[in-house]
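First up is the structure itself, then whatever we jot down about it.
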Amino acid sequence: MRTAAEHQQNVGRRQVLKLATGAVGGLALTTSACDVLGGAPEEAKPPALKPLWTWALLDKDGSGKGFDHAPVVHQDGALYVRSKMDGLYAIDAATGRERWCAPLFGALPGAPAVTSHAVFIATDGGAVHALRIADGEPLWRQVPGSRLRNPSAGDVWTSGSVALVSFLPFTYDDDPAPPPSVLYALDTRNGDLLWHTEASLLEVRDGLAYVNPPDASLTALDPRTGVARWSAPPEKSGGKCTLDAFAAGLLFGRNGNIGIGSKLVAYDPGTGGVRWTAPAAHASVPVAHGDTVYISAPGPSRRDAQELHAFDAASGKRRWTAPAFSTTLNESPAIASDRDCAYLRWSEDSLVDDDRTTLRAHDAFTGRERWRSERPDASYAADVAPGNRLFICYLRDWYCYDARTGKALWRLSAGEGTSGPPPLAAGGLLYFANDEGVRALRI
């Protein structure tokens, strides 16, 4: 879950996106997995809650005109919401009233960066916009990606007086040599181009910009100059390095053929030195909470059962391992975690209308299973919130579970649209966004 103070943290804006899209898609369930899941109690459908307020983002025909899985951004009592084509909205976070709308040409697929004075957003076509935070009036507009072929914008990040964004040029599916993303650094005061390089921007944290250059390494750059501080290359040809979590002063990613064969790596964020590694073949996205890192992965054989592993983040010592699910697929259950438990969500997405989601909670200290539950719906996201709450995203509903017992407490309808990214917790409220707008509930 994101809070205002965690705007640039992972779990922050980007980690939420990773939970929602990187490792939580519906998975096909194998026969051996059904054996593991047998006996889980099926939850009754909980009551639907009425939102405190709803801000609608609808077209004239009643269809949603936002982005299905784009989280809202919260800063200083305002929510910032992107539409597909007609601009960026600022919404009062307490009341849901619209403060302003800044019409911008081109789609806004990437998330904005918000400072105390300005909002920075990129649009398809290679443009970056700076908007005055008080009323959305333009401060400057630059088009650093104008020479790229129909570029699609990524998230904007800021570091001091630097705004960073990468653009991905259009490419055909059968292009044997697709063009790489290009990262641009602009002066936040006037939009002047400071530097650019071929790379995809992953995250900006503690004075470093973490990127994937064309060689798929994990590289740390100085945001002001673009000079590389360190680089960790992929171990195998065709492999890739990811950036997934932060804990105990270290950063965590996977190195290898992601989804086929990789390992979990703990890096020193200042030097790129490898502190420890662990096998993570067919691994899920690792999740960190406190001083523990969780990941779900099978053993050395492709037919080995999935297991949930808990590692001491600083040393790499395995604290416990718990049975998870068996699969021969190249994907894994989704993980969420809080102070007390690690939660596994497994979704069976069937073509014969037999969808099913199973939840399992494991004690954070011992790995002992505390509870499990099951319901006849596919799901694709999981997250935790203050107050011992666990949220699971089904097709058109968010379900709130008591994280201590596994009981489904209530649900929030997403209307006709999909349920969207995990909710944002800020200022005592929960914000649920999808392509139809934003709904707010009290925590």
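The values are calculated or read from the model by the stated rules, or taken from the named source; none is laboratory data. Remember, it's a predicted structure, so these values are computed and weren't measured experimentally. Cβ sites come from the backbone with ideal geometry, for glycine too, and all protein chains shown count toward neighbours. With ligands, DNA and RNA removed, areas are computed over all heavy atoms of the protein, side chains included. Shrake-Rupley method; radii C 1.70, N 1.55, O 1.52, S 1.80 Å.
Rounded to the nearest whole Hz, the Karplus-based 3J(HN,Hα) values (6.51 cos²θ - 1.76 cosθ + 1.60, θ = phi - 60°) of segment 228-233 follow the sequence 6, 7, 6, 8, 10, x, with x at glycine and proline. Between Ser315 and Asp215, the simple spin-label model (points 7 angstrom out along Cα→Cβ) gives 3.5 nm.
Note on segment 144-300: with neighbouring protein chains present and a 1.4 Å probe, carbon and sulfur make up 50 percent of its accessible heavy-atom surface. Shown for segment 358-411: the carbon plus sulfur share of the solvent-accessible area, taken with all protein chains present and a 1.4 angstrom probe, equals 50%.
For a label point 7 Å from the Cα of Ala134 along Cα→C-beta, name the residues of segment 74-113 whose backbone N is under 18 Å from it. Answer for this model: 76-78, 90-92, 99-102. Around the amide H of Ala111, modelled in the peptide plane, lie the amide H atoms of Asp155, Val156, all under 5 Å away and 5 or more residues distant in sequence or on another chain. For Lys240, the amide hydrogen comes within under 5 Å of the amide hydrogens of Gly256, Asn257, Ile258, counting only partners 5 or more places away or on other chains and with H modelled in the peptide plane.
If R0 equals 30 Å, the separation of the Cβ atoms of Asp173 and Val227 corresponds to a calculated FRET efficiency of about 0.30.
D for segment 366-443, whole µm²/s, Stokes-Einstein with Kirkwood Rh over alpha-carbon pairs at 37 °C and 0.692 mPa s: what number? D = 252 µm²/s.
Here the simple spin-label model places points 7 Å from the Cα toward Cβ, and for Leu49 and Arg189 these points are separated by 4.6 nm.
I need the calculated FRET efficiency for the pair Thr277 and Arg97, taking r as the beta carbon distance and R₀ as 41 Å, to the nearest 0.05. E(calc), rounded to 0.05, equals 0.25. Between the alpha-carbon centers of segment 391-443 and segment 52-124, tell me the distance in whole angstrom. So the two Cα centres are separated by 18 Å. For segment 156-259, the spherically averaged projection of the C-alpha convex hull amounts to 7.5 nm². Near Phe170, the amide H atoms lying under 5 Å from its own belong to Arg149, Asn150, Ser152; only residues 5 or more places off or on other chains count, and H is placed 1.01 Å from N. Coupling constants for segment 377-383 follow from the phi torsions by the Karplus curve (6.51 cos²θ - 1.76 cosθ + 1.60, θ = phi - 60°), and in residue order they are 8, 7, 9, 9, 7, 8, 7 Hz; glycine and proline get x. Sorted from longest to shortest, the spans of the Cα atoms of segment 77-202 along the three principal axes equal 51, 29, 22 Å. Which lysines have a Cα lying under 24 Å from the Cα of Lys65, excluding residues fewer than 8 positions away in the same chain? Straight-line reach from Lys65, under 24 Å: Lys18, Lys50, Lys84. Across segment 271-278, computed HN-Hα scalar couplings (Karplus, 6.51 cos²θ - 1.76 cosθ + 1.60, θ = phi - 60°) run 10, x, x, 7, 7, 6, 9, 8 Hz from first to last residue, x flagging Gly and Pro. Scattering from the C-alpha atoms of segment 43-151 alone, worked out with Debye: what is log10 I(q)/I(0) at q = 0.13, 0.21 1/Å? The Debye formula, applied to the Cα set alone, gives -0.53, -1.16.
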